[in-house]
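*Asks:* Quick one: the structure is below, and I'll ask about it shortly.
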Amino acid sequence: MEILGNATFENYVGLQDGITEMAFQMTAHVLTLGYAAMLAGLFYFILTIKSVAPKYRISSVLSVVVMTSAFLLLYKQAQNWENAFTFDADRGLYFLGAGNIADLFNNGYRYLNWLIDVPMLLFQILFVVSLTKSNFKSIRNQFWFSGSLMVITGYIGQYYEVTNISAFAIWGAISTVFFIHVLILMRRVISEGKDGIPENAQKTLGSIWTLFLISWFLYPGAYLMPHLFGLFNESGLYNESGIVGRQMTYTVADVTSKVIYGVLLTVLAQQLSKSEGYDQHAART
């Protein structure tokens, strides 16, 4: 196993045991679904930007930034998956580059995407809700600091998931500290944001918090996927079910935490705009 060094476990499965046609295609399809959803979200946020009052539109602009970066980097990762493995017709399995380890599959593309998107996603809500107690700049800077370090430390840790489990766990634990801080900040923002707004907007904020919790907790689950649920085969190597499970989990988390989250923020902005007397139909004429 040392031949690949700090490569992620997908490559070790492809090098040692191979990946079945079903597992390979399922992973390829779910990666395609990921970047296609981002492209669909991009069109949605562009087309609905005038449905909210001007003061809320920066949130839609940030959604456009998130969708663009996610589409480009997830598309690159889907290509990376296709290029990293070669089909062996004799054995009916996909193997890592037919022995060429120069082009490994790398989950790092997701981390690069998150490094751009996570601060943007956290900033978005600050341009829709009104903080009644906290300082805008302080929350924004804390979001940027903890969100970025959460991604960076997780990025480092994922390289040790096969070669050094202790380092993998330590970096994951450090990332979790920043993750918890982000959750605390988001809870504070949503709680303050409910003050003085219409009941329907309060319900939407509640839905945003629920979605945020569920979608963001999927990420540490995917990070730990190679070591969960006995994902090993008889020879002690990682099972291909961990590959499919991880990419499915990451994709569901990305779509819900970016596209659906952005849609709910747009709905919230529409509700607040309407309560403030903004007429989107008049604005379009």
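*Asks:* Can you name every residue in region 128-164 that is open to solvent by less than 70 Å² (accessible area, probe 1.4 Å), over 29 Å from ALA7 (Cα atoms) and part of a loop (DSSP other than H, G, I, E, B)?
*Replies:* VAL128, VAL129, LEU131, SER134 - these are the residues of region 128-164 that are open to solvent by less than 70 Å² (accessible area, probe 1.4 Å), over 29 Å from ALA7 (Cα atoms) and part of a loop (DSSP other than H, G, I, E, B).
*Asks:* While we're looking at this one, here's another question. Name, by its number, the condition in (1) at pLDDT 95 or above; (2) open to solvent by less than 20 Å² (accessible area, probe 1.4 Å); (3) not hydroxyl-bearing (Ser, Thr, Tyr) that does not hold for VAL255.
*Replies:* Checking VAL255 against (1) at pLDDT 95 or above; (2) open to solvent by less than 20 Å² (accessible area, probe 1.4 Å); (3) not hydroxyl-bearing (Ser, Thr, Tyr), the one that fails is (2).
*Asks:* Restricting to region 196-207, and then to whatever is out of contact with any helix residue (DSSP H, G or I) (no Cβ under 6 Å at 6 or more places or on another chain) and not in a helix (DSSP H, G or I), can you tell me which residue is least open to solvent (accessible area, probe 1.4 Å)?
*Replies:* Among them, the one singled out is ILE197.
*Asks:* Now for a different question. Any residue that is surrounded by fewer than 22 Cβ atoms within 10 Å (Cβ to Cβ) and more than 16 Å from the chain's Cα centre (by Cα) - is there at least one of those in region 67-76?
*Replies:* Scanning region 67-76, I find no residue that is surrounded by fewer than 22 Cβ atoms within 10 Å (Cβ to Cβ) and more than 16 Å from the chain's Cα centre (by Cα), so the answer is no.
*Asks:* Do the conditions hold for ALA23, that is, is it small (Gly, Ala, Ser) and over 30 Å from SER273 (Cα atoms)?
*Replies:* For ALA23, the condition - small (Gly, Ala, Ser) and over 30 Å from SER273 (Cα atoms) - is met.
*Asks:* So MET22 clears everything in (1) more than 24 Å from the chain's Cα centre (by Cα); (2) over 30 Å from GLN280 (Cα atoms); (3) touching a residue at least 40 places away in the same chain (Cβ under 8 Å) except one condition, right? Which one?
*Replies:* All conditions are met except number (3).
*Asks:* In addition: Just need a number here: residues in region 165-195 that are exposed (fewer than 14 other Cβ atoms within 10 Å of the Cβ) and part of a loop (DSSP other than H, G, I, E, B).
*Replies:* Final tally of qualifying residues: 1.
For every residue, the table says whether it meets (1) more than 23 Å from ILE156 (Cβ to Cβ); (2) of a type in the set (Ser, Thr, Tyr); (3) out of contact with any Phe, Trp or Tyr (no Cβ under 8 Å at 6 or more places or on another chain); (4) open to solvent by 60 Å² or more (accessible area, probe 1.4 Å).
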| site | (1), (2), (3), (4) |
| --- | --- |
| LEU33 | yes, no, yes, yes |
| LEU42 | yes, no, no, no |
| SER51 | yes, yes, yes, no |
| ILE58 | yes, no, no, yes |
| ARG91 | yes, no, yes, yes |
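The values are calculated or read from the model by the stated rules, or taken from the named source; none is laboratory data. Every value quoted in this text rests on a predicted model; they were computed, and no experiment measured them. FYI the Cβ positions are ideal-geometry reconstructions off the backbone, even for glycines, and counts take in every protein chain you see. Accessible surface areas use protein heavy atoms only, side chains included; no ligands, DNA or RNA. Shrake-Rupley method; radii C 1.70, N 1.55, O 1.52, S 1.80 Å.
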